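The values are calculated or read from the model by the stated rules, or taken from the named source; none is laboratory data. Treat the numbers as computed from the prediction; the structure is a model and nothing was measured. Ideal geometry is used to build each Cβ from the backbone, glycine not excepted, and the neighbour counts take in all protein chains shown. Protein only, heavy atoms only, side chains kept; ligands, DNA and RNA dropped before computing areas. Shrake-Rupley method; radii C 1.70, N 1.55, O 1.52, S 1.80 Å.
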Amino acid sequence: MSTPREPGAPGTDPGASAGSGPAAPPDASFEETPWRRLDPRTLLVHCGWMAAPLGSLALTALATGGRINTEAWITLAAISASFAVLTTLGLIRWARTEFRITVPRRGEGTGGASPTFDVRSGLLTRRLRSVPLHRIRTVDLTATPVHRVLGVTVLRAGTAGSGDGSSELSLEALAVREAERLRTELLAYADAEAIANDPVVARINWRWLRYAPLTFWVIGGVFVAAGGAYRALDGIGIEAWKLGFVQRAFTEFGASALWLTIPAALMVILALGSVGAVVLYVENWWSYCLEWTDSRTLRVRRGLLTTRAVTIERARLRGVVLREPLLLRAGGGALVRAVAGGLGNREENRKRSGLLPPAPRAEALRVAGGTLRSPFPGSAAPAALTPHPRVALRRRRVRGLLFVVLPGTAVLAGLGAAFTPVLLHCAWIYALVTTALSLWLARDAYRNLGHGLDGPYLVARSGTFSRDTVALQRDAIAAWTFSTSPFTRRAGLVTLTAAVAAGEDGYRIPDLPAADAPGFATTAAPGILEEFLVHPGPAPVPGQR
């Protein structure tokens, strides 16, 4: 949590605290880093509110042929006065908001001082907020349409324990390049020092609620709730389909224009699903905290009505999974699960292995690194994973066409030939849409394939509806399984599964080249396959038997 430093603390400018008086000289143990200002275009951002009233006046003048009545002149005068006041306040705020990164001097005893991020602001009362860089956990860049037009962005730096946003450091607005450079500079310390030392890995941030609807439950949850209600009514002897209001609703739905009622029904389902997803998110992740209680124990605490505290011993932690479902990935989010033993059967493991709710992908990478006590493998250079052969792309295209496009098209065409020509049009429309969708999903699934070794971890990535990147301790692999089918054998591919006594028990690397799979498995986990490998002997010498 970021707190103002006491006067006289290392790196603090006493003159920046509330009150008046000359500024004291900076601490000699710190570099005299100059203060930096926000971008001058900040003033234009504050004028964005004028677009709506000025646009309204312009439309009024256009509609009346340029004649502006007294009320319009009064409105224009009020806008002018407000503009003058807000612009003056914005100019003062811009002039009195400064920031800098304070770094200890090299080669001198700094008494354990660490680099800090300092923000000095205030109109009447000057305030200095200073936070050690190693406590910064997230740095978000947010740009509204107005910001994007002006080429600026808002930088928000969150610290450990700043889930409620009260201890965030915010700078509005910075030039995009300056903000990106500052973000890199801030996170450079967090990645190296905080991951290893801070016991608190993550706390709930209610800004993450925007990711709640980007899950299965936004649609599936509605049908699950409806099914539960139906079973409850059926259990007490009430047949839901015979209720009067249910029958009337279906009658009116069928009698209305389907091109209006179907989109309306979908919108209602999405709205109900979004509300339900947010409610479930709050109930499941209330008071969420992921922390190392000591050097050997990782604990997850969460829950509103039903509280849950899961403790994972470090010796049983075998890795983590970065999971990115399709909708959540499109929104820039991800979640994190642990690969650990002792969490129960497969169903219990799925309930208890959650380390992070749907959250920004950068936060998910940071939490995964904090869980492993080292940066998440592949996060710095995702392209370092070895791609799979192009034949894997062809297999995914063929499967999509055979199992999605062809059956649906054949059924619709058959029904159309037997009953009504309308279904024939539905058949070719279905074929066109699903072919394009299948080819796009096949391409995405192929791009997501990758595997590699990163120090003590085996890294494997696959999936499109849920892209999963697993970082698995190589010494935790107990066995290998090589799976093939007639089609994969013909294509020269094999699916390699690493068996682990934790998590899902096995983690697949699909569609590896059959010739490379044994060598990769042997390198990843030595001592398992060597006795089964056949090594070619020396080449025979001509003329010898």
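I'd like to check one number: the per residue accessible area of the stretch 361-506, probe 1.4 Å, reported in Å² as a whole number. Show your work: numbers first, answer last.
Working: 7390 Å² over 146 residues.
That works out to 51 Å² for each residue.
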Listed residue (Ala338, Thr306, Pro325) projecting farthest to the positive dipole end of the stretch 304-346, Cβ model: Ala338
Note on the stretch 211-303: alpha-carbon gyration tensor, axes a ≥ b ≥ c; rule is a/c under 1.5 for rounded, else prolate if a/b larger than b/c, else oblate; result oblate
